[in-house]
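Nothing in this text is a laboratory measurement; each read-out follows from the coordinates by a stated rule. Not measured: the values here are computed from a predicted model. Backbone-built Cβ (ideal geometry, glycine too); neighbour counts: all protein chains shown.
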Amino acid sequence: MNVSITNPPNSAGLEEDNLADAGDRIDAAARSMIRLRVCWVMHWLSESGKEVPDSSETVHQLRVWSRRTLAALHAYAGILPRTERKWFQKQMNRIRRAAGDARDLDVLLENCKTKKGKHGKRIRRQFMKERCHAQRPIWQLHQKLIKKRQLQTRLDRMLRAIPVDSDSSLANQSLREWAEQQIMQSTEGILSATPTDFSSFRQLHQLRIQAKQMRYTLELFAYLLPENRTQHLAEVVEDIQNRLGRINDHVVLGRRLQRLRSHPPRSSHAKKIKTMARLERKTAKKLRDQFIRKWPKMDATLRLHLHEHGVKSRSDSGAANGPCSTNSQLPTD
């Protein structure tokens, strides 16, 4: 299926139609889910790959859809041809990292709008210079993957190679059982990432990674499960991700400000940057303390979900030795 990258697929409509055709077949759902997500990556890479993007939102969407694609590749790893899956994971991680660097700087530039005076203008100029450099990797990926049609060609090849359920180890497993298995694994993943030291921003960042993974997994499979089963869980996971995202924004800005502290070290500009970096760290710590107070209730919700549904899911779908058992890559930021 060739999809025009200048006319992106209708996200809700295309997914709903294809999933209706998929029925209870895991292979058909995999083709639908992965095709939809890669097509959106192609669209946003085309929009973001310009030398001067029309909007910072295009880069944000590129990062989001690359993560969604990685989540789908991970969820269906057990039935995807290994060589093609590895290639797609490598390209999606490259896109995610390139878009992530650019997006982080877009967020920093937006946050710096509130910083007035000559020091604020100078800082924005320095960040703008970094943002221009961050655009080149996106442009290069666009030239390689879109202009040369590598994503489209490899997508068609990978989807054709997915075995039909009746011809594979999936013959005795339903799509709903598969979904249960994936959601339980994501729940276990986020709980296993619970920080041993909540004062560590690095550990909180790892928890945020798992929250993203679980959120995108819920997006993949929520339509198969009762709404009362997934809605509250999705809200909790989104709250975790949003709170940790705000903490991360301030941590990143503080670190970048630290790197901007230049010569001479005692100049008024260097002192101003030092003060601003200190304020960002202080804000990050305040938000971290708020998250710590909220975490016990969030943790209890996740554990309750695992307790109520996890045992049944694992015993029904054979998660320990099922076709999804694989060392597939997960996003790392």
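In this model, which of Lys113/Lys286; Lys121/Lys294; Lys274/Lys294 are farther than 28 Å apart at the alpha-carbon? Those over the limit are Lys121/Lys294; Lys274/Lys294. Residue by residue, segment 79-96 carries 3J(HN,Hα) couplings of 10, 8, x, 4, 4, 5, 4, 4, 5, 5, 4, 5, 5, 5, 5, 5, 4, 4 Hz when phi is fed to the Karplus relation 6.51 cos²θ - 1.76 cosθ + 1.60 (θ = phi - 60°); x denotes Gly or Pro. For segment 174-314, a crude dipole built from +1 on the beta carbon of Lys and Arg and -1 on the beta carbon of Asp and Glu, taken about the Cα centre, is about 1460 debye to the nearest 20. Bridging of Lys147 to lysines at a Cα separation below 20 Å is possible for Lys50, Lys90, once same-chain residues fewer than 8 apart are set aside. Full extension of the chain segment joining Leu304 with Arg122 gains 60.5 nm, where the gain is 0.36 nm per residue of separation less the Cα-Cα distance. Scaling the Cα radius of gyration of segment 41-137 by the globular reference 2.2 N^0.38 Å produces a ratio of 1.30.
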